[in-house]
Amino acid sequence: MPRYDIRINGAARTIETSDPDQPLLYALRGLGLTATKFGCGLGRCGACNVLVDGQAVQSCMAPVASLEGKSVTTLEGLGTPANPHPLQAAFIAAQVPQCGYCTSGVIISAAALLGEKPKPSEAEIRTALDGNLCRCGTHVRVVRAVLAASGQEG
Amino acid sequence: MTTSPDAPRLSRRTLLEGGALMVGFALGDALAPVGALAQGAARSAAAAAATRILDPKEVDAYLAINGDGTVTVWCGKVDLGQGLRVAIPQIAADELGIGLDRITYVEGDTALTPDQGRTAGSYGIARGGMQIRQAAATARKALVERAAHRLGVPADELVAADGAVRPRTGGAGLTFAELIGGARFDLKLDPKAPLKDPESYTLVGKPLPRPDVPAKCTGTLTYMHDHTVPGMLHARVIRPASVGAHLVSVDESSVADLPGVRVVRIQDFLAVVAADEWTAIKAAGALKAQWSAGSGLPAQAELPALLRASPGTTEQVLTTKSSTDAAPPPEDARSLTATYFWPMQSHASIGPSCAIADVSAAGATIWTASQGTHGNQATFARFLGLPKDKVRLIYLDGAGCYGMNSHEDAAADAAVLSRAVGAPVRVQWSRQDELGWDPKGPPQLIDIAGTIDAAGYIRDWRTDMWIPENTRGLPSIPLLAPEAAGLPQTPGLNSGMISQNGDPPYRTGRMQVVAHWLKTAPLRPAPLRSPGKPANCFAVESFLDELAAAAVLDPLQLRLSGLTDQRGKAVVEKIAEMMSWEQRPSPGPNSDQPVGRGRGLAYIHYKHDEAHVAIGMEVAVERASGAIRVERVFCAHDCGQIVNPDGVRAQVEGSIIQTLSRVLKEEVTFDRERVTSVDWSSYSLLTFSEVPKLDIALIDRPTEPPLGAGEAACAPVAAALANAVFDATGARLRTVPFTPERVKAALGGQASMPRT
């Protein structure tokens with residue numbers, strides 16, 4: 001069975017799958033990393049976003065084979081309840097999530113943005129998150145939390 | 001914004017025990033890990049399932065004082081992200097007289113929690129919370145009476161606080177654990193048990209953080225989609241190619257090369273089951289099946305006319321008021337008629353529905369994100385052929401649901417499949433299934449006729465609404481799996497209370513509201529957040545502005561002059577203040593500009609006796625493109641006593657943004673065979689760049705009953721927006737969604753009315 005060496009949340013992992021087209025999303029969830037959510041399987045909602053070498057990638061569209069040798073970070077890899085990433089801490093402080101199903105993908109997209117641009121404008125934050133859908137209507141809090149995480153007033 | 005400096009910080013201690021979600025609270029670091037206390041309490045609660053009192057008339061159904069002095073609260077309502085997990089413990093802890101850190105909270109499990117009805121209709125706090133407040137008040141009264149007996153002190157000289165009953169004047173008391181710890185109250189809820197003076201509340205009214213938020217932000221919350229059961233198989237259900245189609249044949253050899261795939265066919269119910277999810281997905285894609293022609297859908301463009309002409313419709317006068325004024329209307333009176341249309345819409349949950357079922361001849365356990373665990377017990381028992389008490393439904397968090405999406409359908413799929421294959425089965429719907437087959441918010445067609453005189457008095461008003469009827473006594477909305485598999489269930493329609501708020505909340509002369517109940521609906525309907533009210537308020541509050549424009553009156557002043565309810569007046573006056581409302585009629589002075597800017601408002605007294613909400617909007621409309629830019633939304637919101645202000649604020653924010661999405665973009669599309677809006681391109685939602693600034697004023701009335709905050713702010717959104725567009729352009733929008741094409745048509749002088 002083909003094996004793929006992928007760095008996941010800082011640890012070297014080997015994914016075995018008979019199907020190299022299997023999307024990363026299912027491999028991650030199979031490893032128990034369930035923060036990354038299935039939303040559409042079509043690359044249109046952002047719920048499954050993960051960081052691949054610092055870029056936000058839709059894991060439902062990324063075949064496992066394409067990740068060989070790359071570094072993947074999921075929401076679990078950003079931080080933990082005891083030691084949260086600044087974005088996670090800001091999202092908690094702003095009480096952002098309602099159902100929370102989109103939150104993982106939103107935080108990942110925001111992390112990718114802050115990686116490229118540490119102090120984005122509000123408009124840049126909104127544009128960067130346009131690929132992430134939220135049905136509960138938490139958008140205003142999301143923007144405020146991303147501003148706060150980047151050291152700007154929300 | 002979220003926490004007042006003096007509010008205790010809560011840590012999350014949520015865990016799954018026996019499948020049921022337990023939440024504990026601890027003072028200190030908001031990010032502390034799960035505590036041992038909650039784990040112990042969870043174990044004891046799960047073990048107690050066999051002996052739980054579930055009668056909603058009994059105090060013991062809702063709360064217990066444990067031997068260690070902690071309190072367990074059981075709630076039949078579930079937390080969908082709206083914050084009941086903190087708000088209900090706030091209510092219970094305050095009323096009982098104990099710290100929030102001593103409470104363990106259990107929700108939505110038919111084996112553990114009392115049936116408090118579906119979590120719907122904004123009744124989580126207003127009904128569910130008030131039952132628990134009364135249970136706590138009854139328990140406190142009993143604890144005080146026991147203490148009075150044992151201390152030899154009159155009950156009225158004692159006070160329950162901090163988990164103990166003590167003399168008001170100080171001195172030794174008895175802890176709750178000493179008074180009853182571990183034993184039952186054996187008491188009925190006493191409606192006369194006195195409630196505490198709201199001024200004495202120390203938790204109610206505080207913006208305490210929701211305990212599940214840290215887990216949701218770090219990926220440690222177990223959602224329905226993340227839950228696993230030992231030995232669980234993964235399934236995908238294959239829906240018919242067309243609505244109403246029957247399964248003709250299945251070619252099982254088409255999936256023979258996929259390892260371990262089993263095809264399950266029960267009449268028209270077709271599924272593939274596999275050991276892992278990705279194999280199930282591939283099998284669902286590869287399986288070849290032949291379907292008959294469908295039962296057919298109407299032509300979408302003809303839908304409004306078809307509603308009006310629907311055969312077998314029954315009429316019901318919902319409200320009627322005669323006028324004592326027999327005189328003919330004065331010369332200056334203006335009479336108008338208008339037709340408004342609201343399309344079918346989807347819940348459009350971000351995660352397609354998912355469920356797990358473990359069914360055997362002995363019983364069934366079903367893990368579901370359903371808003372109605374208890375209500376579904378009888379439904380599932382019936383089609384599974386099991387006694388009701390052998391069917392246990394356990395709630396787990398799902399992707400947001402706002403009425404009834406496909407959570408129950410996924411659970412029924414899993415139950416039918418688990419019984420068929422003899423193992424626990426997890427069913428995960430696809431995006432296309434979710435948008436194609438979730439039960440839909442129904443279409444609504446509304447006519448209004450009215451007369452206004454020059455002074456702004458509405459001399460007469462008549463609303464006619466064409467809406468699917470609610471089948472009387474329907475236990476639950478018919479589910480897809482039993483329907484396809486030929487299993488017993490009660491047929492019928494349920495769209496929620498969609499006929500409310502069809503009357504103007506203002507002083508009028510003659511007034512009548514008539515419902516024309518339709519016997520069928522083009523697609524299976526279900527309640528969708530604020531059922532019916534966004535459309536009814538859209539029609540009523542748009543028409544009020546149309547009357548105001550006809551009489552050349554300021555629309556806000558017209559509302560104030562017609563409002564008799566002081567709390568209603570207060571929210572409208574608050575909007576005037578927030579928007580620095582300039583008194584003038586609409587349309588506004590720049591309505592002929594290439595980009596017209598305008599303002600509008602709408603008001604509702606939700607369901608006639610619940611929250612008062614006024615919403616104002618500032619918009620820019622580009623005439624060339626027809627694009628509406630909502631720049632700012634203002635909301636004044638009075639839902640009575642506010643239990644958790646940040647929770648209410650989050651609900652109001654969500655109600656406004658979600659409804660703006662529905663009004664600007666959303667419409668289920670279909671051809672003559674099937675729904676065609678099955679992905680995020682064909683059914684698009686509001687994006688981050690399109691979300692306006694929100695300015696929300698919460699009016700707290702601590703001594704009034706809490707009225708619910710989950711959906712009232714949805715209702716005025718469409719009318720406030722339509723009225724603002726009219727103010728900006730002079731064009732009147734009467735059909736949702738307000739697409740650029742519709743705006744351009746309205747600007748071009750074509751009335752934005754459905755074909756009827």
Among DSSP bridges having both ends in the protein assembly as shown, what percentage is antiparallel? Round to the nearest 5.
75
Too long for a 20 Å Cα-Cα cut-off, among B:K665/B:K693; B:K569/B:K607; B:K57/B:K533, are B:K57/B:K533
Just how large is the dipole of the protein assembly as shown about the Cα centre, in debye to the nearest 20, putting +1 at every Lys and Arg Cβ and -1 at every Asp and Glu Cβ?
560
On a straight-distance basis, which aspartates and glutamates could pair with B:K141 in a cross-link, Cα separation under 12 angstrom, same-chain partners fewer than 8 positions away excluded?
B:E95, B:D156, B:D190
Square roots of 5 times each gyration tensor eigenvalue, C-alpha, the stretch B:572-717, largest first, Å:
28, 23, 12
Label point 7 Å out from B:L187 along Cα-to-Cβ: which residues of the stretch B:130-145 have amide N under 16 Å?
B:131-145
What is the distance, in nm, between label points placed 7 Å from the Cα along the Cα-to-Cβ direction at B:E704 and at B:V421?
5.3
Can you tell me, using C-alpha contacts under 8 Å and at least 6 residues apart, the relative contact order of the stretch B:614-756 as a whole percent?
35
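For the protein assembly as shown, what does -39500 (n - 2.57) per DSSP helix run (n ≥ 4), summed and divided by total residues, give at 222 nm, in deg cm²/dmol to the nearest 500? Numbers along the way, then the final one.
Numbers: 23 runs with 244 residues, N = 910.
Taken over the protein assembly as shown, the calculation gives -8000 deg cm²/dmol.
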Using a Förster distance of 35 Å, the FRET efficiency for B:D695-B:A454 (Cβ separation, nearest 0.05)
0.55
The stretch A:3-75 - charge dipole about Cα centre, Lys and Arg +1 at Cβ, Asp and Glu -1, debye rounded to 20:
240
Expressed in nm to one decimal, what extension gain is obtained for the pair B:E178 and B:M497 from 0.36 nm per residue of sequence separation less their Cα-Cα distance?
110.1 nm
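For chain B, report the translational diffusion coefficient in µm²/s to the nearest whole number, using Stokes-Einstein at 10 °C, 1.306 mPa s, and a Kirkwood Rh over Cα pairs.
On the way: Rh = 27.6 Å.
Value of D from the Cα-based Kirkwood radius: 58 µm²/s.
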Label zone at B:T314 (point 7 Å along Cα-to-Cβ), backbone N below 13 Å, the stretch B:489-523:
B:493, B:515-520
Say each of B:E199 and B:A275 gets a label point 7 Å from the Cα, pointing the same way as Cα to Cβ; how far apart are those two points in nm?
7.0
Identify the trypsin sites (Lys or Arg not before Pro) of the stretch B:636-738 meeting these criteria: DSSP loop state and at most 14 other C-beta atoms within 10 Å of the C-beta.
B:R672
For the pair B:S561/B:T520, report the inter-label distance in nm, with labels modelled 7 Å from Cα in the Cβ direction.
4.8
Using a cut-off of 14 Å between alpha-carbon atoms, which aspartates and glutamates can reach B:K390, once sequence neighbours fewer than 8 places away in the same chain are excluded?
B:D109, B:D358
Checked against the positive end of the charge dipole of chain B (+1 on Cβ of Lys and Arg, -1 on Cβ of Asp and Glu, about the Cα centre), the farthest of B:F25, B:A147, B:G97 is B:A147
If the label point sits 7 Å along Cα→Cβ of A:M1, residues of the stretch B:263-280 with amide N under 19 Å come out as B:273-280
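Please report the antiparallel percentage of the DSSP beta bridges confined to chain B, to the nearest 5. Intermediate results must be reported in sequence, preceding the final value.
On the way: 94 of 126 bridges.
In chain B, approximately 75 percent of DSSP beta bridges are antiparallel ones.
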Any idea how far the Cα center of the stretch B:396-437 sits from the one of the stretch B:64-133, in Å?
26
Taking the Cα centre of chain B as origin, sum charge times position over the Cβ atoms of Lys and Arg (+1) and Asp and Glu (-1), and report the length of that vector in debye to the nearest 20.
640
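Considering only DSSP beta bridges where both residues belong to the stretch B:444-747, give the percentage that are antiparallel (nearest 5).
Around 65 percent antiparallel, to the nearest 5.
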Want the number for B:A148 to B:E741: 0.36 nm per residue separation, take away the alpha-carbon distance, what's left?
206.2 nm
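FYI, it's all coordinate maths here, none of it is from the lab. Because the structure is a prediction, the values reported are computed rather than measured. Heads up, the Cβs are rebuilt from the backbone with ideal geometry, glycines too, and the neighbour counts pull from every protein chain shown.
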